[in-house]
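Notes for the one structure printed next.
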Amino acid sequence: MPRPKCRRHICGTPDKNHFKPRGIPAFDLDEVLLALDEFEAVRLADYERLYQEEAAAQMNISRQTFGRILESAHRKIADVLIHGKALKIESGEAATEKREPCGRANLRRTKQHPS
């Protein structure tokens, strides 16, 4: 029997959860589903520019698991862009965190001190 998944911590859900190419009706498009933990991994690694170890700690998962989630998300996003599919972000095994607002850690790290 496989080990049960632990709940991954995410900052929150995105305001928009569906993206598609302009000018093509949604019913004519194939849809790719991106789980919230995959969305959070992309946000932490690519947008916040955190190292995988730091991002994994924020999501309460191992670095190896974070790498697998990020690779899966990158493949799905590439499929959407290359083949002109729709992208839908939906829930998965994740728990919303009520810590600091999204992006606060990155602002602290990159803030310049006056000389």
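Here ASN17 meets each of (1) closer than 15 Å to LEU87 by Cβ; (2) free of Cβ contacts under 8 Å to residues at least 40 places away in the same chain with one exception, condition (2). Taking the criterion of being more than 22 Å from ALA55 (Cα to Cα) and either among the small types (Gly, Ala, Ser) or loosely packed, with under 13 Cβ neighbours inside 10 Å (or both), the residues of the range 1-20 that qualify are MET1, PRO2, ARG3, LYS16, HIS18.
Screening ILE61 on (1) at pLDDT 95 or above; (2) crowded, with 18+ Cβ neighbours inside 10 Å shows it passes everything except condition (1). Filtered by the rule that a residue be in contact (Cβ under 8 Å) with a residue 24 or more places away in the chain, out of contact with any Gly (no Cβ under 8 Å at 6 or more places or on another chain) and of a type in the set (Asp, Glu), the range 20-37 gives ASP30, GLU31.
Of the residues making up the range 31-62, those that are farther than 19 Å from SER91 by Cα, in contact with a Lys or Arg (Cβ under 6 Å, 6 or more places away or on another chain) and of a type in the set (D, E, K, R) number 1. Show the residue pairs that are 6+ apart or on different chains and have beta-carbon atoms under 9 Å apart, the first residue being within the range 79-90 and under 14 Å from HIS18 (Cα atoms), the second being in a strand (DSSP E or B) and among the small types (Gly, Ala, Ser). Pairs that qualify, where the first residue is under 14 Å from HIS18 (Cα atoms) and the partner is in a strand (DSSP E or B) and among the small types (Gly, Ala, Ser), are VAL80/ALA86; ILE89/ALA35; GLU90/ALA35.
Only one of these is surrounded by 16 or more Cβ atoms within 10 Å (Cβ to Cβ) and in a loop (DSSP other than H, G, I, E, B): LEU34, LEU70, LEU50. Name it. Among LEU34, LEU70, LEU50, only LEU50 is surrounded by 16 or more Cβ atoms within 10 Å (Cβ to Cβ) and in a loop (DSSP other than H, G, I, E, B).
The values are calculated or read from the model by the stated rules, or taken from the named source; none is laboratory data. Bear in mind the structure is a predicted one, so any value in this text is a computation, not a measurement. Heads up, the Cβs are rebuilt from the backbone with ideal geometry, glycines too, and the neighbour counts pull from every protein chain shown.
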